[in-house]
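Heads up: the structure comes next, in structure tokens.
Every number in this text was worked out from the coordinates using simple rules, so none of it is lab data. Remember, predicted model here, so these are calculated numbers, not experimental data. Please note: Cβ atoms are built from the backbone with ideal geometry, for glycine as well, and neighbour counts cover all protein chains shown.
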Amino acid sequence: MTSDEQQTRVELRAWQLKMQRRPSFLNNFAHRVQVRLNALLPEKVHQAITGAIRQMVRGVLFGSRHTTAKPLAEVPFATREAEVRSRIRDYRTMATAEGAVTGAGGFLLGLADFPLLIGLKMKLLFDIAALYGYDVHDYTERLYLLHVFQLAFSSQQARNATYRRLADWDAYRLGLPLNPEEFDWRTFQQEYRDYIDLAKMAQLVPIIGAAVGAVANYKLIEQLGDTAMNCYRMRHFAAAAPPLPG
């Protein structure tokens, strides 16, 4: 194992411990408050939001599937990591600029940031998958990306459960539904919305909206990129591990 891979293992282990951390008192308190706020919303509102995000994400998945490069093959792991970091920087720059523009444009443009940012995030995930050598034409690989997205933007309670699925993905994927409609879209949209609410609502405030939008988008893309890298690192080292004796 190279020194780069040894350092990567150290970083991966620290990240894994973070993903498995028990929810803190503040995590639990914030989660309870958010659950109560969600309960105040009419069911029709939940259905409308869930449907909108489902259609948006499905549209991005379909479009990105045909614009993503072929899986990168036969290159050293360090080269893959360098390419991924470069791609994250590119998307971070785009998202920062987009957040500043929509944040400066008032309420309506601030709302437009929501689908634009999801589009950038999903396209980044497809690019990262290809750079690590995975074929996103495979339906289970696309569901893997949705789980990575969910891991990046969830409460600590949901993060614990999602991490366990990703850590044992080869076994978990065998039980995945064949129909994408069976994916839990409601939990997906609610966790995502709850995670970014505080950061993104301030983007709609006049004067400070541009700065808030730029910083929030920068951090959200960085969070997603870091999560995706570590998820694919888990798969890389799991695949490289020697088989257990029979």
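The table below lists the values:
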read-out: Chain lengthening between D4 and A161 when straightened (0.36 nm per residue, less Cα-Cα); value: 53.5 nm
read-out: Listed residue pairs exceeding 23 Å between alpha carbons, taken from K44/K219; K18/K219; K70/K219; K123/K219; K70/K123; value: K44/K219; K70/K219
read-out: Virtual spin-label span in nm between K18 and Q47, 7 Å along Cα→Cβ; value: 4.0
